1. Before we move on, is Lys44 of a type in the set (Lys, Arg), more than 15 Å from Ile204 (Cα to Cα) and at pLDDT 95 or above?
2. Can you give me the number of residues within region 193-221 that are free of Cβ contacts under 8 Å to residues at least 60 places away in the same chain and either closer than 25 Å to Lys18 by Cβ or touching a Cys at 6+ places or on another chain (Cβ under 6 Å) (or both)?
3. Could you give every pair whose Cβ atoms fall below 8 Å, whose first residue belongs to region 91-102 and is free of Cβ contacts under 8 Å to residues at least 60 places away in the same chain, and whose second residue is among the aromatic types (Phe, Trp, Tyr), counting only separations of at least 6 or pairs across chains?
4. If Thr171 passes every condition in (1) touching a residue at least 60 places away in the same chain (Cβ under 8 Å); (2) closer than 30 Å to Leu62 by Cα; (3) of a type in the set (S, T, N, Q) but one, which one does it miss?
5. So, of the residues in region 227-249 that are within 30 Å of the chain's Cα centre (by Cα) and in a helix (DSSP H, G or I), which turns out to be farthest from Lys80 (Cα to Cα)?
6. Could you say which residue among Asp45, Asp40 is free of Cβ contacts under 8 Å to residues at least 12 places away in the same chain, closer than 20 Å to Leu228 by Cβ and surrounded by 13 or more Cβ atoms within 10 Å (Cβ to Cβ)?
7. Which one of the conditions (1) touching a residue at least 24 places away in the same chain (Cβ under 8 Å); (2) surrounded by fewer than 16 Cβ atoms within 10 Å (Cβ to Cβ); (3) in contact with a helix residue (DSSP H, G or I) (Cβ under 9 Å, 6 or more places away or on another chain) does Tyr135 fail to meet, given that it meets all the rest?
Amino acid sequence: MQYKDFLVLQGRVIDVLKNYAIFLKRGAQLNYRYTKEYKDEILKDFIIRNENTMLVTALSLLNDKKSLEEVDKYIQDYKKNYQNEYNVLSKRIIASESVSSITLDENKQKELEKHYFELLEKYNPLLRMETNSEYIRSYELLQLLFQQNNYQTYFASYELFKDMFSEKDFTKVDFDKYMNYYLDLMQKIALDIQNRKKNYPFTIESVFEDEISIAREKGEFKAKINKLIEANKAIKEDFKEAYGESVEL
């Protein structure tokens, strides 16, 4: 492969990476908005589902004639793991509220996108087969801030990291190696986009079509929680009968 042919292929990859960045940003914004809009339902669902899982498993252990010490240990271990996951979810909810409150005017939105795409064209780790973990972490932080529309922190962080970024001399790379890598990369990105479209948060995009859709989703979410609560009552009764006392998260 000649250098000019390599540049043509690299241009295709850059276009793919830009479209991928826009796609991931849309998904991130959907996730932040959904989490903020339904934070109470998400938290309630998380608590009840975990309590049901803990009690059903503990009841199964009792039915399998496990000792009370083994059951107690399982419950205590589950509660510790649950608390860690609860803290993570709480931080996610706080982040969603913070990000959702960010509003940019059209000029700042364009400036942010223009700068990030210029950064992507030169320094995206995928484009240059980067292996330096510190470099990758720094770039991914800027990528996250771009997804969040966090204009001020993005540019402040860029000032901190900019000395780390240096242009790669692609005239000296193994063109055939990069060609195979780039073709594989574009295929992997296309597959990832295809898979992501089938899963959250892209599957809930229609929820925000209008106020009626938003209200409908909340009603359906609450109905699911009510079913979980009914199941929870029955599970608690069965567990108390077998264990001798009630256990809650």
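The values are calculated or read from the model by the stated rules, or taken from the named source; none is laboratory data. None of the values given here were measured: they were computed from a predicted structure. We place every Cβ from the backbone using ideal geometry, glycine too, and count neighbours over all the protein chains shown.
1. On the way: of a type in the set (Lys, Arg): yes; more than 15 Å from Ile204 (Cα to Cα): yes; at pLDDT 95 or above: yes.
Yes, satisfied.
2. Quick first cut of region 193-221, residues free of Cβ contacts under 8 Å to residues at least 60 places away in the same chain only: 194-195, 197-199, 203, 206, 209-213, 215-216, 219-220.
Filter once more, keeping what is either closer than 25 Å to Lys18 by Cβ or touching a Cys at 6+ places or on another chain (Cβ under 6 Å) (or both): 194-195, 197-199, 203.
The total comes to 6.
3. Within 8 Å, the pairs are Ile102/Tyr151.
4. Status for Thr171: all satisfied but (2).
5. Going through region 227-249, the residues within 30 Å of the chain's Cα centre (by Cα) turn out to be 227-229, 231-232, 248-249.
Narrowing further to those that are in a helix (DSSP H, G or I): 227-229, 231-232.
Details: Lys227: 26, Leu228: 22, Ile229: 22, Ala231: 23, Asn232: 20 Å.
Here the answer is Lys227.
6. Numbers: Asp45 fails: free of Cβ contacts under 8 Å to residues at least 12 places away in the same chain.
That would be Asp40, the only listed residue that is free of Cβ contacts under 8 Å to residues at least 12 places away in the same chain, closer than 20 Å to Leu228 by Cβ and surrounded by 13 or more Cβ atoms within 10 Å (Cβ to Cβ).
7. Among (1) touching a residue at least 24 places away in the same chain (Cβ under 8 Å); (2) surrounded by fewer than 16 Cβ atoms within 10 Å (Cβ to Cβ); (3) in contact with a helix residue (DSSP H, G or I) (Cβ under 9 Å, 6 or more places away or on another chain), Tyr135 violates only (2).
Residue-wise test of (1) under 23 Å from Val99 (Cα atoms); (2) of a type outside the set (A, V, I, L, M, F, W, C); (3) touching a Pro at 6+ places or on another chain (Cβ under 6 Å).
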site: Tyr20; (1), (2), (3): yes, yes, no
site: Arg49; (1), (2), (3): no, yes, no
site: Ala58; (1), (2), (3): no, no, no
site: Lys66; (1), (2), (3): no, yes, no
site: Glu69; (1), (2), (3): no, yes, no
